[in-house]
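Written out below as structure tokens is the structure these notes cover.
Please treat every number below as a calculation from the coordinates, not as lab data. From a predicted model like this one, the values you see are computed outputs, not experimental measurements. With ideal geometry, Cβ positions are generated from the backbone for all residues, glycine too; neighbour counts draw on all protein chains shown.
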Amino acid sequence: MKPALSVIFFTVFSGLGLGLAIWLVIGQWCQNCAAAFDPSRFFTGAAFVFVFVTLGLISSTLHLANPKNAWRAFSRFRTSWLSREGVLALLFFPLAALHIFSVWNAAQLALRLVTGALVIACALAILYCTGMIYACLKTIPRWHTWHTPAGYVLYGLTSGMLVFCAIAARGEGEINGWLRIALCLLIASAILYSLANAYEKPEPSLNDALGFAEGRVRLLDVGHTHGTFLTNEFGFRVARARAALLSSCVYLCAFIIPIIIVVIESSMSSQGMLGLAAVFCTTGFLVERWLFFAQARHVVMRYHGA
Amino acid sequence: MSTANQTPKKLGLAIDLDTCVGCHACAVACKEWNAGSKMTNGLPDYDAYGKAPSGAWFNRIRNYELSGDPKFSSANTCGADSHPQGHIPLSTLSKTVNVPMSCMHCDDADCVTVCPTGASYKRAEDGIVLVDPAKCMGCNYCAWACPYGARELDEDQGVMKKCTLCVDRIYDQALPEAERQPACVLACPTNARHFGDFADPQSNVSQMVAMRGKQEMFPALGYNPVNAYLSMRAPVSAPQVLDSKPGLLARLAQRVNKAISL
């Protein structure tokens with residue numbers, strides 16, 4: 001599949017923003033828990049959420065060939081995961097505003113719990129829908145597994161957590177509890193990534209594509225002299241060696257470097273480099289998302305002899 | 001995720017892989033009709049006279065070579081017995097298969113299910129899958145959901161386009177009845193394409209499928225295409241008439257031939 005930069009930016013940054021929103025709500029609930037979160041940092045975090053989610057959503061419209069009809073994408077939520085994601089993304093802003101309002105007015109914990117829970121549920125649902133947009137496609141076997149929605153949710157939570165830690169570190173209070181959660185998320189993400197990367201789903205053959213049970217089929221001629229919409233959209237292939245190189249880049253940037261930084265920072269309690277960990281992690285997930293598209297193979301390419 | 005469409009009529013094409021010669025006449029006729037069709041609203045070409053000509057087509061024909069299929073490689077395949085080298089290994093016998101592909105108007109059309117705007121739809125009355133260009137936002141998601149490569153983006157207008165089964169021909173009362181058929185069917189010089197209602201067991205296309213059986217493309221994906229590819233038949237060998245006792249002249253010729261070849 002052709003890796004469209006707008007979709008890569010959209011999924012990574014809105015994922016980060018939604019993950020951050022979830023941790024901000026939990027942090028704000030846990031002001032007096034073992035893992036403290038300075039309430040004055042809440043609004044800084046909320047501003048980051050707004051910027052990341054909004055930038056992501058704007059970026060998502062850039063790959064549309066006819067964006068003036070984008071508003072219609074909210075209409076088919078009963079059948080389309082893409083529509084569901086759009087509707088929930090739109091719902092996210094008023095829910096987040098309601099929660100920020102209840103925090104701003106220092107409302108009772110019960111009210112903050114309800115509005116916060118709504119924000120968390122909405123953010124998780126959006127992340128899941130984004131994953132299902134890709135996972136529901138039977139035409140792309142590599143995406144048609146549980147790894148896809150699990151990855152979108154977990155990677156969003158992980159990158160959001162690192163940004164949350166970087167924000168929390170600039171406030172008062174002990175954040176080692178959060179760093180421990182960040183470490184668990186990073187390790188879980190690394191395990192999921194290696195599982196998804198190693199999983200080879202059996203792909204249909206040219207015989208399946210043409211309905212020949214027996215014999216061997218090979219392509220003689222594709223019938224066109226230059227590229228078509230189909231070859232442009234689905235024909236992208238990444239060389240095995242290049243994919244392996246980029247995959248090790250994902251391990252290094254998204255998981256290994258952030259894990260080292262988090263471990264060092266939590267033992268030295270300096271916490272000055274957590275922003276760097278978040279930048280590395282997000283860069284790693286951008287590469288991961290590029291590979292997600294580049295390594296996916298659409299079954300229609302069987303007709304083209306691939 | 002299934003649309004579970006069981007429409008009262010199931011209009012579609014039966015395509016005979018035995019008779020298709022891969023001439024591309026159907027694709028050209030399709031392009032010609034849809035370029036001028038109000039329903040399709042144009043079918044663009046890009047760099048048509050340049051170095052990298054491309055464009056949107058609703059029907060593409062690809063050629064394949066089938067080998068090693070016992071149905072076509074059996075001893076009665078024409079020429080196998082009488083070949084001067086004697087028996088030909090099965091693996092070397094092959095057959096060219098021309099496969100025209102356009103929208104299959106699937107019963108379970110994921111392209112319709114995934115469409116976020118409602119631009120993609122399957123008509124309740126006859127099962128034809130269409131795109132409403134006034135609603136399409138050009139996200140390409142429907143094309144991703146199609147395993148048959150039936151949808152292509154009109155890059156000039158930014159909307160997805162696809163085979164309409166010539167919906168603006170088949171119901172046009174102004175046309176003579178014989179011409180109320182898709183342009184590709186009318187253009188086919190070998191009569192390899194047939195248009196009809198697959199929901200009616202008495203229709204021409206249903207009868208053909210009943211007689212010949214059909215070859216299903218990506219059956220495991222579960223899209224349940226309406227269009228049918230009629231199964232290829234095993235070739236029937238012509239009866240070989242061998243004189244049990246050659247005449248005098250023939251025997252003389254044989255002896256002379258043998259003497260020369262020695």
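Observations on the model:
- Contour minus Cα-Cα distance for B:THR96 and B:ASP156 (0.36 nm per residue): 18.0 nm
- Taken over chain B, the convex hull of the Cα atoms encloses 209 Å³ per residue.
- Residues of region A:273-296 falling in the label zone of A:LEU245, defined by backbone nitrogen less than 15 Å from a point 7 Å along Cα to beta-carbon, are A:291.
- What the Cβ-Cβ distance of A:SER267 and A:CYS33 gives, at R0 = 25 Å and to the nearest 0.05, is a FRET efficiency of 0.70.
- Residues of type lysines that B:LYS245 reaches as a straight line, Cα spacing below 29 Å, ignoring anything fewer than 8 places off in the same chain: B:LYS258
- Note on region B:108-262: Cα-Cα pairs beyond 28 Å make up 44% of the total pair count.
- C-alpha long axis of helix A:109-135 to longest principal axis of chain A, angle in °: 20 degrees
- Using only alpha-carbon positions in the protein assembly as shown, the gyration tensor eigenvalues give semi-axes of 59, 29, 18 Å once each is multiplied by 5 and square-rooted (largest first).
- Principal semi-axes of the equivalent ellipsoid, √(5λ) from the alpha carbon gyration tensor of region B:104-183, are 24, 14, 11 Å from largest down.
- Ratio Rg/Rh, restricted to region A:1-147 and using Cα atoms, in which Rh is the Kirkwood radius: 1.02
- Averaging the sequence gap over all C-alpha pairs within less than 8 Å and six or more residues apart, then dividing by the number of residues, gives region B:112-262 a relative contact order of 10 percent.
- Region A:1-64: translational diffusion in µm²/s, Stokes-Einstein, Kirkwood Rh over Cα pairs, 37 °C, 0.692 mPa s: 258 µm²/s
- Nitroxide proxy distance, nm - points 7 Å out along Cα→Cβ at A:ARG180 and A:PHE43: 3.2 nm
- Placing R0 at 25 angstrom, the Cβ-Cβ distance between A:LYS68 and B:ASP45 gives a FRET efficiency of 0.55 after rounding to 0.05.
- Placed amide H near B:TYR229: partners under 5 Å, 5+ positions off or other chain: B:ILE15, B:GLN215
- Listed by chain and number, the lysines whose C-alpha is less than 28 Å from the C-alpha of A:LYS68, apart from same-chain residues fewer than 8 away, are A:LYS2, B:LYS31, B:LYS38, B:LYS122, B:LYS135, B:LYS161, B:LYS162.
- Label-point separation in nm, B:ALA234 to A:GLU172, each point 7 Å along Cα→Cβ: 8.9 nm
- Structure-based [θ]222 nm, the protein assembly as shown - -39500 (n - 2.57) summed over DSSP H runs of at least 4, per residue, nearest 500: -14500 deg cm²/dmol
- Nearest-20 debye value, the protein assembly as shown charge dipole, Cβ charges on Lys, Arg, Asp, Glu: 740 debye
- Karplus 3J(HN,Hα) series, Hz, for region A:230-239 with 6.51 cos²θ - 1.76 cosθ + 1.60 (x for Gly, Pro): 5, 6, 5, 7, 10, x, 4, 10, 9, 5
- Globularity ratio of chain A, using Cα Rg and 2.2 N^0.38 Å: 1.11
- By the compact-protein rule of thumb, 2.2 N^0.38 Å, the alpha-carbon radius of gyration of region A:179-277 corresponds to a ratio of 1.76.
- A:HIS224, B:HIS194, A:HIS298 arranged by Cβ crowding within 10 Å, fewest neighbours leading: A:HIS224, B:HIS194, A:HIS298
- DSSP-loop chymotrypsin sites (Phe, Trp or Tyr not before Pro) across region B:149-220, with at most 15 other Cβ within 10 angstrom: B:TYR171
- Computed from Cα atoms alone, the Kirkwood hydrodynamic radius reported for region A:119-233 is 17.9 Å.
- Whole-number percent relative contact order across region B:1-74, with pairs defined as alpha carbons under 8 Å at least 6 apart: 24 percent
- Full-stretch length increase - A:ALA107, A:THR54 - with 0.36 nm per residue and alpha-carbon distance subtracted: 16.4 nm
- Of all DSSP-defined beta bridges confined to the protein assembly as shown, some 90% are antiparallel rather than parallel.
- Residues A:GLU200, B:GLU65, A:GLU288, A:GLU174 arranged by fewest to most Cβ contacts within 10 Å: A:GLU200, A:GLU174, B:GLU65, A:GLU288
- Zero-based 10 Å bins, Cα pair distances in region A:80-140, whole percents: 24, 39, 23, 11, 3, 0
- As a rough footprinting exposure proxy, the listed residues A:TYR152, B:TYR141, A:TYR128, B:TYR46 were ranked by other beta carbons within 10 Å of their own, and the order from fewest upward is B:TYR46, A:TYR128, B:TYR141, A:TYR152.
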